[in-house]
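Laboratory data are not the source of any read-out in this text; all were calculated from the coordinates shown. Given the structure is predicted, the values throughout are model-derived calculations rather than measurements. Neighbour counts are summed over all protein chains in view; Cβ atoms, including those assigned to glycine, are modelled from backbone coordinates with ideal geometry.
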Ligand SMILES: *[C@@H]1O[C@H](CO)[C@@H](O)[C@H](O)[C@H]1NC(C)=O
Ligand SMILES: *[C@@H]1O[C@H](CO)[C@@H](O)[C@H](O)[C@H]1NC(C)=O
């Protein structure tokens, strides 16, 4: 299996990303009493904001992807993302390792040498989730991203507004916030 994907692709797949637990992590908030079992299952990545270069270049062409979260035998999270690429459905799996307090995860990509630090900042489990990711690849290539996860492909205005406010509170401008267009393709179960 080919292992080298463009950076933007990996970022898109994960839906949210960040660096290894650092002192900064202590400042990242997380959903109080986070219940991982209720967070599992299918989500759609409905909104994104990022200051990464790939995002600035690609944001106009991105569409919604489907993300399915399941437990692995080791107690990590299996994040399988399905999206349209070259007119075909493609799936990629990433294993998120619990790191720190419940709701924090880290993901390391051996091929890029990158590490992502992901937090579930807020969720009601049944409708929406707000995620924050900080990523580092090499000096000068750190980035931040926030993601709106929705259980349906049509998040209500209430959750879109919540996400926009969250992104702005994290320092993103209006132009950096994108609501991803729905796509019929590759969103059905089973994959
Ligand atoms: C993750 O889930 C996918 C889809 O169900 C499965 O094909 C894959 O084997 C799983 N990987 C791990 C490490 O659990
Ligand atoms: C994105 O923001 C983070 C945190 O403010 C900063 O460290 C990083 O250098 C920024 N990255 C880009 C590509 O602007």
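How long is the gain from residue 174 to residue 76 if the chain were fully straight, where each residue apart is worth 0.36 nm and the alpha carbon distance is subtracted?
Working: separation 98, 0.36 × 98 = 35.28 nm, distance 3.44 nm.
Residue separation times 0.36 nm, minus the Cα-Cα distance, leaves 31.8 nm.
Classify the stretch 74-142 from the C-alpha gyration tensor, please: rounded if a/c falls under 1.5, else prolate or oblate depending on whether a/b exceeds b/c. Working shown, then result.
Numbers: a/c = 1.57, a/b = 1.05, b/c = 1.50.
Taking the square roots of the gyration eigenvalues as a ≥ b ≥ c, the stretch 74-142 is oblate.
What nm distance separates the two modelled labels at residue 37 and residue 63, each placed 7 Å from Cα along Cα→Cβ?
About 3.7 nm separates the two model spin labels.
Describe numerically, in nm with one decimal, the distance between label points set 7 Å from Cα along Cα→Cβ at residue 165 and at residue 85.
Once both label points are built, they end up 3.6 nm from each other.
Say R0 is 30 Å: what FRET efficiency, to the nearest 0.05, do residue 125 and residue 51 get from their beta-carbon distance? Walk me through the numbers on the way to the answer.
Working: r = 28 Å, r/R0 = 0.94.
After rounding, the FRET efficiency stands at 0.60.
How would you rank 146, 95, 68, going from fewest to most other Cβ atoms within 10 Å of each one's own Cβ?
Placing the least packed residue first, the sequence is 95, 68, 146.
Does the stretch 58-191 come out rounded, prolate or oblate, given a ≥ b ≥ c as the square roots of the eigenvalues of its C-alpha gyration tensor, rounded meaning a/c under 1.5 and, failing that, prolate meaning a/b above b/c?
Working: a/c = 1.26, a/b = 1.07, b/c = 1.18.
Judged from the Cα gyration tensor, the stretch 58-191 comes out rounded (a/c under 1.5).
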